[in-house]
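Following: one structure in C-alpha cells, then a few remarks.
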Amino acid sequence: MLTKIFDKITRLSIRFRWITIALTAIFMAIGIYAATQLNLEMTPRVEFPQTIVIVQWPDAEDADNFLNEVTIPLENNLETIENVVNIESTTKPGMAFIIVRNEFGQNQDAIVEEIETAVSATTLPDTAETQILNFSLSDLPITISSISSSNMTLPELKIFVESEVIPELETVTGVSKVTISGGQEFPDEEVKNESEAVAETAEPIAAEPNAMPDPGLLPAIISEGAAQMGIEVTHIQEITPDILAGITGTEEQIIAILGLIPEEDLIYAPANTLSYLPIEYIDTLDTDLVLELDSIAAEFGGVRQYSTADVQKLLNGESIEEEVEEVAETEEVSTEIAETAVKTAVEAVPLPDAWISGAAKMGQTISTTADITPEFMETISQMAPDMLNALTPEILLAFPPDVLTALPTSYLKGLDADTQDAVAALLLPPAQEGMELPQFESVPLPDAWISGAAKMGQTISTTADITPEFMETISQMAPDMLNALTPEMWIAFAPETTAVILQSALADTLA
C-alpha cells in the first residue's frame with residue numbers, strides 16, 4: 001500500500017513539476033528566514049526554581065518564639081502560592097531561613113512578586129526585617145575588566161573611571177548595572193564632599209590660599225557615635241586605649257566599627273592604641289600598611305598581638321590565659337601547612353574535549369588544567385557534575401591544590417584508593433615521615449569556630465557537626481571565619497554543606 005502511495009506522489013511531482021519546484025523554494029525561504037531569527041546567547045537566562053526568604057528578629061525570646069511568631073505564619077502564606085511544590089525552613093534564635101521551591105519552567109519573576117506579596121501580607125513583629133533572594137545566571141557579570149595607567153595615580157584613575165568610563169558603559173543596550181571596585185580615594189575626599197554639600201546652600205566663601213587637608217580627621221559617623229556615648233573625639237590622634245575599650249559588641253560589630261576608620265589615617269593613631277588593635281581587624285589591612293603600623297607600635301610590642309576577645313579583657317583590666325599563645329602557635333603551623341599545600345606546583349596537562357567545548361559555549365577559553373580556577377571548578381561541580389566523570393587520574397592530579405579543594409567530597413570518595421591517596425598528598429603534604437594522610441573523614445574545627453558557636457549556644461567540634469544551615473549563617477554573618485578553614489577541613493565537609501558557599505556568594509551579588 002505504501003508503494004502505491006509513494007508511486008502516486010512521484011507521478012504527481014513529475015506531472016506538476018513546477019508546483020513541486022515552487023513549494024521547495026518556498027520551504028527553503030521559510031527555513032532561511034527562521035534561521036536568521038534564532039536568538040543566540042553566550043550566557044542564556046537560566047533561572048533556578050527556588051527563592052530564599054531570610055528573616056531577622058533580634059527581639060525574639062528564643063527559637064520557639066521565633067517559630068510561632070514568624071516562621072509558621074510565613075509558611076502558611078507561602079503555601080498558598082500556585083506552583084510552589086516545597087517549603088523548607090530553619091529557625092534559630094534571632095534568624096530564620098525559608099527556602100521556597102517551585103516547578104521548573106515557571107515565570108520566576110512573577111513567582112518572586114507573589115512571594116513578596118505573601119511576605120508583605122504576613123503580620124510580623126515590628127522589629128522583624130525580611131530579605132528575599134533569587135538567583136539566575138543572568139545575574140552574573142558578563143565581563144570583568146581591569147584598568148591601569150602609567151601616568152595617573154590611583155585616586156586620579158578611580159575618578160576617571162567613575163566619571164568617564166562607567167557612564168559610557170551604562171548607556172550600552174542590555175547593560176543593567178556596572179560596578180567598580182578597587183582604586184583609592186583621596187584622604188580628604190569625604191571632607192571635600194561635605195564642603196561641596198554646604199557650598200550648594202551657602203554663600204560662596206573665598207578659599208584660604210594655603211589650605212591643607214586635616215590629617216587624622218575621623219568620619220562624621222564615628223564622631224557623632226562617640227558624642228552619643230559622651231565622648232568627644234574628632235581625630236584619630238585622640239583615640240586612646242581607654243576609648244578603644246568603649247567599643248563593645250560582637251566581634252563582627254567591633255571589626256565593622258573599626259573598618260569605618262580610613263586606613264590611610266591609621267598612621268596618625270597613638271602607638272599604644274595601635275598595639276591593641278585586634279588581629280581580626282589587622283588581617284583586613286594592606287600588608288605594607290601593617291608593616292608600617294608594626295614599626296610605629298614597636299615599643300609596645302607591635303601589632304597583631306591580641307584577638308578581639310583578648311583586647312576587651314585587657315582593656316577592662318582582666319587577664320588572659322597563657323594557653324592563647326600556644327593555640328596561636330598551633331594555628332600558625334596549620335596555616336603554614338595549608339599554604340605549602342596551596343603553593344605545590346604541578347605540570348599542566350590538556351583538558352577533556354567536553355570541558356573545552358563547554359567553556360567555549362560560555363565564552364571562556366580553556367585548554368589545560370592551569371586554566372581552571374577554584375570558582376570555575378565550583379561552578380562545574382554545581383551546574384554540570386557529570387562533567388567530572390571525564391577527568392582521568394592524570395588530569396585530576398595536575399590541578400592546583402586550591403582547585404582540588406573545590407571538588408565535592410562525594411566525588412572524591414568515589415575515586416579509587418590510589419587516586420585518593422595522591423589527592424590527599426597534594427592537599428596536605430606530610431610534615432614528617434610517618435604522618436598519616438587525610439582519609440576524607442571528619443576533622444577538628446578551628447578554635448574560633450568552636451568558641452563562636454559556643455557563644456550562640458551551640459556545641460561543635462569537628463566538620464561532621466557543621467550543617468548546611470550553619471554554614472549558610474557563617475557565610476552571611478561572618479564570612480571572614482571561612483579563611484580559618486584549611487584544605488583538609490574543606491574536603492571533609494559534606495557536599496551539601498560546601499554547596500551553600502557558592503549559593504551564598506551569588507546571593508550577596510543580588511543583595
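The values are calculated or read from the model by the stated rules, or taken from the named source; none is laboratory data. Source: prediction; values computed, not measured. Note that each Cβ is placed from the backbone with ideal geometry, even for glycine, and that neighbours are counted across all protein chains shown. Areas reflect the complete protein model, heavy atoms only, side chains present, ligands, DNA and RNA absent. Shrake-Rupley method; radii C 1.70, N 1.55, O 1.52, S 1.80 Å.
Quick notes on this one:
- Computed over protein heavy atoms with a 1.4 Å probe, the carbon and sulfur contribution to the accessible area of segment 42-123 reaches 46%.
- Descending by average beta-carbon neighbour count within 10 Å, the peptides 158-171, 87-100 line up as 87-100, 158-171, the highest first.
- Using a probe radius of 1.4 angstrom, the carbon and sulfur fraction of the accessible surface of segment 233-283 is 57%.
- Charge tally around S307: other residues with Cβ under 9 Å, Lys/Arg +1 each, Asp/Glu -1 each, net -3.
- Whole-number D in µm² s⁻¹ for segment 246-306, Kirkwood Cα-pair radius fed into Stokes-Einstein, 20 °C, 1.002 mPa s: 184 µm²/s
- Debye equation applied to the C-alpha atoms of segment 21-124, log10 I(q)/I(0) at 0.10, 0.15 Å⁻¹: -0.45, -0.69
- Calculated diffusion of segment 143-183, Stokes-Einstein form, Kirkwood radius summed over Cα pairs, 20 °C and 1.002 mPa s, µm²/s: 193 µm²/s
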